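Worksheet for the structure shown next.
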Amino acid sequence: MKPTPSRHAASTEPVAKTAAETAACPAGREADASWPWHADSQTIYRDLRNAIVSLHRRPGETIGERSLGETYGASRPKVRQAIDRLADEQLVERHPHPQRHEARLRVARIPLRALPEAGEMRKALETRVVRYAARRATPDHIARLRASIERQRACETAGDIEGFHAADEAFHALLSEAAGYPGFWTAVGRVKAQIDRCRRLGLLVFGGMGPAIAEHEAIVAAIAAREPDSAAARMAIHLDGVTGTITKLRDVVPCYFYEPDIYEPDDPQSLR
């Protein structure tokens, strides 16, 4: 049974305190609003980006520039630096306010036209990664990859989507380590934000951790067998699977997506 759109409407609940916020306050001071923690723009960018990609902040949700400054104890220029970076990544949209000089900020909907390119870039990088891994992975790497799959399976059993996503990220990072090029995963991270939003939304709407786990097992089996071509082919199948998920998501929650050529940011109806 398909979920109703209201179930996925932009959340108005405050995002839980981030690890950075908690770490910034001494023990026992977490509830003290007067604690003078002052964040830099990088911290604001990182926390807000993570909240958007993880869907803790949903597409269309309003972002308060002033409230961000108050939350982080940061100046307006620092907040705007963070917002500028997120806008460049198409994760935040600015909408002119008819009665104010400052623009309204909203979490951007997922730009459909950006997804094919992002997917191909990630596939080009990660198929190369597993080719190297199939030649260079040590027995310790193989054991750690299999242990990562077991953690993913435990998350599936527990229905822990957040835990599964973290284990999935760790698995792909470990593949780059096994390849001898850990920087590849850093490069992948720069291009996969919109894809990650679709994957997280797909897990929320459809579930389905099992197929991804089986695909991970196939990739590791090919690496352990020292078969670079097979490993690359299995990785390509794994990454291409998100295409079908996106197609189904457009039917279930169309309000989370937009076509840049027809999107009208000044049209109030387009923000619903």
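The values are calculated or read from the model by the stated rules, or taken from the named source; none is laboratory data. Here the structure is a predicted model, which is why all the values come from computation and not from measurement. Cβ atoms come from the backbone with ideal geometry, glycine included; neighbour counts cover every protein chain shown. Protein only, heavy atoms only, side chains kept; ligands, DNA and RNA dropped before computing areas. Shrake-Rupley method; radii C 1.70, N 1.55, O 1.52, S 1.80 Å.
Taken over segment 78-95, the criterion of being open to solvent by 80 Å² or more (accessible area, probe 1.4 Å) and either of a type outside the set (D, E, K, R) or outside any helix (DSSP H, G or I) (or both) is satisfied by Q81, R94.
Applying a threshold of 7 Å to beta carbon distances and a minimum spacing of six or more residues, or different chains, the list of pairs starting in segment 243-271 at a residue that is within 18 Å of R104 (Cα to Cα) and open to solvent by less than 30 Å² (accessible area, probe 1.4 Å) and ending at one that is at pLDDT below 50 and in a loop (DSSP other than H, G, I, E, B) reads S270/Y263; S270/E264. Return a yes/no flag: does segment 175-184 have any residue that is modelled with pLDDT of 95 or more and on the phi > 0 side of the Ramachandran plot. Yes, the conditions are met somewhere in segment 175-184. Reported count of residues in segment 118-173, each being of a type in the set (S, T, N, Q) and open to solvent by less than 50 Å² (accessible area, probe 1.4 Å), is 3. With respect to being of a type in the set (F, W, Y) and surrounded by fewer than 18 Cβ atoms within 10 Å (Cβ to Cβ), F184 falls outside the description. Checked against (1) of a type in the set (A, V, I, L, M, F, W, C); (2) in a helix (DSSP H, G or I); (3) closer than 23 Å to L203 by Cα, L55 passes all but condition (2). When R113, R109, R58 are checked against the criterion of being over 24 Å from I161 (Cα atoms), open to solvent by 20 Å² or more (accessible area, probe 1.4 Å) and not β-branched (V, I, T), R113 stands alone in meeting it. Among the residues of segment 39-52, the ones that are open to solvent by less than 10 Å² (accessible area, probe 1.4 Å) and part of a loop (DSSP other than H, G, I, E, B) come to 1 in all. Scanning segment 187-196 for residues that are surrounded by fewer than 17 Cβ atoms within 10 Å (Cβ to Cβ) and among the basic types (K, R) yields a single hit, R190.
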